[in-house]
Every structure is written in structure tokens, then in C-alpha cells.
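Every number here is computed from the coordinates shown, using simple stated rules; none is lab data. Computed from a predicted structure; not experimentally measured. Don't worry about glycine lacking a Cβ; one is built from the backbone with ideal geometry, like all the others, and counts go over all protein chains shown.
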Amino acid sequence: MSQIHDRFQTTIAGSLPKPAWLAEPNKLWPAWRASGAELERAKRDATLLWLKEQEDAGIDIVTEGEQSRQHFVHGFLEFVDGIDFSRKVKMGIRDNRYDAMVPVVSGPLRLKGRVHEVEARLARGHTGRKLKITLPGPMTIVDTIADEHYRDKVKLAMAFAELLNQEARALEKDGVDVIQFDEPAFNVYLDDVKRWGIDALHRAIEGLKCTTCVHICYGYGIQANIDWKRTLGGEWRQYAEIFPALAKSRIKQVSLECINSKVPIELLKLLKGKDVLVGVIDVATDAVETPQQVAETIERALKFVPANHLFPCTNCGMAPMDREVALKKLRALAAGAALARKKLGNRGQSPISAKSRRKKTRR
Ligand code: ZN
């Protein structure tokens, strides 16, 4: 087993492809291959498989690969009372970027019980590495559901934030080290982020002592997103609108898209004081990055993010990807971080540890 690193600790946005025996491969909304107890066993097997693959690839902060959920938003909604799944309506989501059939909020929201207890405890019991579990963010949930009860976006978001907080507190007790909220909607509703999006996140992390993170990306590598990105022009400046507000927030880490994107790299400096999970692996292409490409992206980001705050990561989840490609990308991520550590020598060290190192050598 590879060792844990003290800088440029690698992690992934969250999801990994489901093996073909668990669910239809290469799909964002895959059908499960089994049901009942057999499906539960298959989810368990897939979770253990990906934990091992991440460890062997050299990923420092691992996830359960979201093997137990069909979709990153609906995997949570299934456990919420007050939602009518029998009635799905067509809704334009992410500011009408694409249509989705979404369920309807029809009454007061309540959790039916634990959401990710089984997979969190399973993963905790089988890895000594830091463990991250992802949850959908309140704003992204509100953007992926119709509402006939609260009839107010902010009230609905706060109601979901309260449920997310219940599950997050329980995950912390399960031994989870990092809880990440996925908020692709943050890149779309820039004013709402400042008006109530960050408040809703604060409600979701209330009372947590573990590390908290928010993932903000330009979406999976699906056609609707690729087409949308073409309309965003030569420079993607959405992060410039929201990062200053996020820098002032109580969220500790921000996961963002970097490699192959048109995000101006200097925008990373707007996240002063935060851990920055820099996307050094593109999930919108099957071309596997070389360790050199990964190391170069780390070096570019290092001009704007101190080394002790820089965590090489994937641009987004790898759920819809080919399994072999995802595995190769995990290895490239770890190899690239290793190369960056080697190339940069002590240059990437934080000032404090550099100072204490000098003291040690004097003695
Ligand atoms: Zn993403």
C-alpha cells in the first residue's frame, strides 16, 4: 500500500463508475442490475472494490465512490418524506440548460432515516485513509425538484439544509473526515449564491467539527454541459463572482474545475485562506492525463494557492465514465502529484514547516 503524503494530498470529486454487474455502465442515471438483498450485496462489493483501487492508485483522501446511489441528488431525495416520486414533472434545470423529469415537493420535508450510514460505516471499517462523503448542496437540490408546498426557493433550501445537517452530523459520528456538498448550481445562479446559497450551506454544516467542503464545477462531461460550455465565451469568470463570498464563509475547502477549462487560473487567489481542491483531471474526455500534465497544472495553481492548501483532485465526478479510463485517471492523479512533490522539492512547503525544518538542521 502506498504511503500517505503530507502535501499535495490527492482526492477525487466523489463519484466513480459503477461496475457493469452493479448498474448499466457509462450512464448518469443507470438502472440497477439487481434488487433487494442482492443489490445491497452488489453495492457493498463495488464500494470495497473502489476503496481498494483508490488506495492502490495512491489517492490520499478516498470516497465510497457513490456506488450506493443512482444519482448524486436523487440518492438523497429518496430518503426524504414530503416528496411525491409518483408524480414527475418536466423542468428546465441549471437555468434551463437541460430538461429533467423531477419529483414534486408535496408536504413538509422530513428524513425517513439515515441516508448514507451503510456505505459510510462500511468504508470507515475498511480503510485507514481519510474518508470523504459527498451530499448534494441545498441550492442544487432546489434546482432539481419541483415545489408545491413551500412555494419559496429560500424556505425550501433551508428546509433541505436542515435535513442535510442531520445526515452530516450522523456521518461525522460514523467517522467520516470530510463532508462535501456538491453545488454545480453555484456556477449558474451567481446572485443567489451571495443572497442565500452560502447561508443555506452554513445551515447544512452547523455544529460540524469535521472538514467541510463545497464542490463547484461546470458539470459532468455530458453533451448538454459540453454545449453549454461553448456558450460561455473565451474566459469563464463565474468563480470571480462567488469566490470572494466563499472566502469569507465557514466552509473550509473549495473543489473546483481547472485543467482544460477556460477558468482564468488567477481566480484561485480569491479563495484566500481556504483549502483548494484543484481539478487536475478532466472528466469530460477519455484521454488520460500524463503525470507531467498533472504536475504542470499543480505548478500553475501553486502561483495562487499556497502548497499547504493545495489538494490535487478531479474536475468533477467520474460516474458516467468508462471504468478502465477512470482507473487510469486515478493513477495519473497520484503519479502527477508525486512528480510535483519531487520537482518542487522544498519549494512547495509552507513557511512554518520550512522554518522548523531549518531549526532542525541547525541543531
Ligand atoms: Zn462536479
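Under a 5 Å amide H cut-off, with hydrogens placed 1.01 Å from N, Ser255 pairs with Val214, His215, Ile216, Leu277 among residues at least 5 apart or on other chains.
Among Leu277, Leu344, the ranking by other beta carbons within 10 Å of each residue's beta carbon, starting with the fewest, stands as Leu344, Leu277.
Where in the chain are the helices, taken as whole DSSP H runs, whose Cα atoms extend 24 angstrom or more along the long axis and whose Kyte-Doolittle mean reaches at least -1.0? Flagged H segments are 36-57, 153-173, 323-344. Potential lengthening of the chain between Asp152 and Asp286 amounts to 44.2 nm, from the contour at 0.36 nm per residue minus the alpha-carbon distance.
Counted by neighbouring Cβ atoms within 10 Å, the residues Trp50, Trp196 run from fewest to most as Trp196, Trp50.
Strictly over 25 Å apart at the Cα level, which of Lys194/Lys229; Lys132/Lys303; Lys248/Lys342 would you flag in this model?
On the way: Lys194/Lys229 23 Å; Lys132/Lys303 27 Å; Lys248/Lys342 33 Å.
The pairs that break the limit, which is 25 Å between Cα atoms, are Lys132/Lys303; Lys248/Lys342.
Take the Cβ atoms of Ala34 and Lys173, set R0 to 30 Å, and the FRET efficiency comes out at 0.50. Bridging of Lys88 to lysines at a Cα separation below 23 Å is possible for Lys27, Lys112, Lys153, Lys155, once same-chain residues fewer than 8 apart are set aside.
If Lys and Arg each add +1 and Asp and Glu each add -1, what is the summed charge of the other residues whose beta carbon sits under 10 Å from the beta carbon of Gly273?
Numbers: positive: Lys248, Lys252, Lys272, Lys274; negative: Asp275.
Here the charged neighbours net out to +3.
By the Cβ distance rule (another cysteine Cβ under 4.7 Å), the unpaired cysteines of the chain are Cys210, Cys213, Cys258, Cys313.
Quick check: net charge around Trp29, other residues with Cβ under 12 Å of its Cβ, Lys/Arg +1 and Asp/Glu -1? Could you put the intermediate results ahead of the total?
Working: positive: Lys18, Lys27, Arg69; negative: Glu24.
That works out to +2.
Compute the distance from the alpha-carbon center of segment 181-202 to that of segment 264-303, in whole Å. If we compute the Cα centre of each part, the gap is 22 Å.
Counting other beta carbons within 10 Å of each Cβ, put Thr144, Thr63 in order, fewest first.
Numbers: Thr144 21, Thr63 27.
Exposure proxy ranking, most exposed first: Thr144, Thr63.
Quick check for you: which residues of segment 23-54 have the amide N under 12 Å from the point 7 Å beyond the Cα of Thr127 toward its beta carbon? Within reach of a label on Thr127, which here means backbone N under 12 Å from a point 7 Å along Cα→Cβ, segment 23-54 contributes 47-54. Spin-label model, Met91/Lys194: points 7 Å from Cα along the beta carbon direction are separated by 2.6 nm.
Remark: relative contact order (the chain) = 19 percent; criterion is Cα-Cα distance under 8 angstrom and separation of 6 or more residues.
About the Cα centre of segment 36-362, what is the dipole size in debye to 20, counting +1 per Lys and Arg Cβ and -1 per Asp and Glu Cβ, all else neutral? Before the final figure, lay out each step's value.
Values: 53 positive and 44 negative charges, 383 e Å.
Using only the charged Cβ atoms, the result is roughly 1840 debye.
Between Asp6 and Asp99, the modelled label-to-label distance comes to 5.7 nm, taking each label 7 Å out from Cα in the direction of the beta carbon.
The amide H of Val263, built 1.01 Å from its N in the peptide plane, has Trp236 as neighbours under 5 Å, considering only residues 5 or more places off or on other chains.
How big is the antiparallel share of DSSP beta bridges in the chain, given as a percent to the nearest 5? Walk me through the numbers before you get to the answer.
On the way: 10 of 39 bridges.
Of those bridges, close to 25 percent are antiparallel.
In a shell of Cβ-Cβ distance under 12 Å around Arg69, excluding Arg69 itself, what net charge do Lys and Arg (+1) and Asp and Glu (-1) give? Could the numbers behind the result be given before it?
On the way: positive: Lys18, Lys43; negative: Glu64, Glu66, Glu78, Glu119, Asp182.
For residues surrounding Arg69, the net value is -3.
Which of rounded, prolate, oblate describes segment 15-54, given a ≥ b ≥ c as roots of the alpha-carbon gyration tensor eigenvalues and a/c under 1.5 marking rounded, otherwise prolate only if a/b is larger than b/c? Oblate is the answer for segment 15-54, as a/c is 1.5 or above yet b/c matches or exceeds a/b.
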